[in-house]
Amino acid sequence: MARPSRAVFVTLAAGAALTGLVAAAQAVPASSQRATTGTTGTVAPVVLAPAKAEGVAPTSAGVRKALSAALADPSLGRHFGASVYDASRGKQVYSVGAAKPFVPASTLKLLTTVAALEALGPDHWFSTRTVRAGSSLVLVGGGDPLLTIKRSADPLEFPRRATLQDLAASTAKSLRAGGVTSITLGYDASLFTGPAANAKWEPNYVPEGIAGPTSALWVDQGRITPGMAKRAVAPAQAAATSFAALLRAAGIKVAPAVRPVVAPAAAAKVAEVRSAPVGDLVEHVNLHSDNDGAEVLLRHVGLATKNGGSYAGGLKGLRSTLTKLGLNVTKARLEDGSGLSRTNQVPLDVLAGAVRVAVSRPELRYLISGLPVAGFTGSLEERFAVPGAGAGTGLVRAKTGTLTGVHSLAGLVRSRTGTLLVFAVATDAALPNKPLEARAALDRAAAALAACGCAA
């Protein structure tokens, strides 16, 4: 089936974005809406009218009928399921396979990112800075997941990334202004604590670069060469070594030895660079299924909830934040922030619930806007091309999840009659010799929701 033109895609994407924003506007209580008063004391009206349910309401029988063919595909194996929620009317309409939680794979990132938005706020940013500690300069990591060495030449790069090059230039300028031309350099990555790699991951993940040792100070997520898999064994030291070279290039003499230190709390700031805001980082993590970015956000959730910057603290903060958002995680087993662990177990209604909550809360909308668009962006760019899935192209927005034997999709779609449906479909028992068939079956299931009225 031929794909829509890019011009059509722009229209579809804009419509999908407005879907989330309109639904979000509906959920803002009058008491919390911002009011603008003039001399008359009148309150400005809500900019967007509330979303309205359109067409006939979907029924459980209608959704079951729409999904039956896709879910009957034998490649899904013995443990598959679906959860569908009518966000236009605020009611669960269908659930199958809900008795046992699923290995979520990367759809777990929905939980991590919605928790980061809630715990930190979408406008929060992370600072990488230099401070003076006596006669030494200290490079202090603030947990920026996308810190890089130098600015990309691509003017359309998103999110905007903080660079060590900018930090070195600002630091050198400040030092010279104070008459300092020679320094010793230390680095402080103590914001994050505990093991740098998750004990629940497969032993080959870090050596093969599937994920890196999580650090509060790194460049290019610890990659030795940007864009390549291999990571530095000590990413903070590698970042500090690169920073020393940049300072030297800027005319500051730096002693050869670069050592780990803990910067005093009262140390004077010399310069800083700021990360992209959390909202942009969430969009990036979900669009590209960034494992390293998700693990960094997990630790920030731990810090924001006063559970500490380890992955264990992050998981405590994740559970408490999801509970605060109204998601029932009592049956969930959460082991990391990225979904790499095969010991994660999450009910499908919880995965769909992260999307449901984000639809209803304006400040969480970045979770929706960052979801890949079927057939066009991110981890769905090459999907929905199989027979029977074309109806979802450009209309389905969903986070993907893939491990050996595990395939999942969780996101949202407007049905043919205008109802906004939030869904999660998954298998963690896919036949090992038919991974593409299992993935295609889930694409067809999501596409069926886009094509149906689901009323009978």
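The values are calculated or read from the model by the stated rules, or taken from the named source; none is laboratory data. Quick caveat: nothing in here was measured; it's all calculated off a predicted structure. Cβ sites come from the backbone with ideal geometry, for glycine too, and all protein chains shown count toward neighbours.
Restricting to the range 398-445, give me the number of residues that are outside any strand (DSSP E or B) and among the β-branched types (Val, Ile, Thr). Reasoning before the result, please.
Just the residues of the range 398-445 that are outside any strand (DSSP E or B), to begin with: 404-405, 415-419, 428-445.
Still in the running and among the β-branched types (Val, Ile, Thr): 404, 417, 419.
Final tally of qualifying residues: 3.
Out of LEU315, LEU297, I need the residue that is in a helix (DSSP H, G or I) and free of Cβ contacts under 8 Å to residues at least 40 places away in the same chain. Which one?
Numbers: LEU297 fails: free of Cβ contacts under 8 Å to residues at least 40 places away in the same chain.
After ruling out the rest, the residue left standing is LEU315.
Residues are listed down the side, and each one gets a yes or a no for (1) farther than 17 Å from THR148 by Cα; (2) not assigned by TED's automatic domain parsing to the domain that holds THR171; (3) not β-branched (Val, Ile, Thr):
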site: VAL254; (1), (2), (3): yes, no, no
site: ASN291; (1), (2), (3): no, yes, yes
site: HIS300; (1), (2), (3): yes, yes, yes
site: LEU327; (1), (2), (3): yes, yes, yes
Any chance you could count how many residues in the range 86-119 are farther than 23 Å from ALA276 by Cβ, of a type in the set (Lys, Arg) and not in a loop (DSSP other than H, G, I, E, B)? 1
Can you find even one residue in the range 218-231 that is at pLDDT below 95 and farther than 21 Å from SER152 by Cβ? no
Within the range 257-269, is there a residue that is in a strand (DSSP E or B), modelled with pLDDT of 95 or more, assigned by TED's automatic domain parsing to the domain that holds LEU147 and touching a Leu at 6+ places or on another chain (Cβ under 7 Å)? yes
Just wondering, is there one or more residues in the range 426-435 that are buried (at least 24 other Cβ atoms within 10 Å of the Cβ), on the phi > 0 side of the Ramachandran plot and touching a residue at least 24 places away in the same chain (Cβ under 8 Å)? no
Test of understanding: among THR402, THR330, THR323, THR419, which residue is surrounded by fewer than 24 Cβ atoms within 10 Å (Cβ to Cβ) and in contact with a strand residue (DSSP E or B) (Cβ under 9 Å, 6 or more places away or on another chain)? THR402
Just checking, how many residues over the range 323-367 are more than 24 Å from VAL396 (Cβ to Cβ) and more than 15 Å from the chain's Cα centre (by Cα)? 15
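What residue, of ALA168, ALA211, is in contact with a Phe, Trp or Tyr (Cβ under 7 Å, 6 or more places away or on another chain) and not in a loop (DSSP other than H, G, I, E, B)? Working first, answer last.
Working: ALA211 fails: not in a loop (DSSP other than H, G, I, E, B).
That would be ALA168, the only listed residue that is in contact with a Phe, Trp or Tyr (Cβ under 7 Å, 6 or more places away or on another chain) and not in a loop (DSSP other than H, G, I, E, B).
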Candidates GLY121, GLY20, filtered to the one that is at pLDDT below 95, under 26 Å from ASN291 (Cβ atoms) and not β-branched (Val, Ile, Thr): GLY20
Can you pull out every residue in the range 231-256 that is part of a helix (DSSP H, G or I) and under 30 Å from ASN204 (Cβ atoms)? PRO235, ALA236, GLN237, ALA238, ALA239, ALA240, THR241, SER242
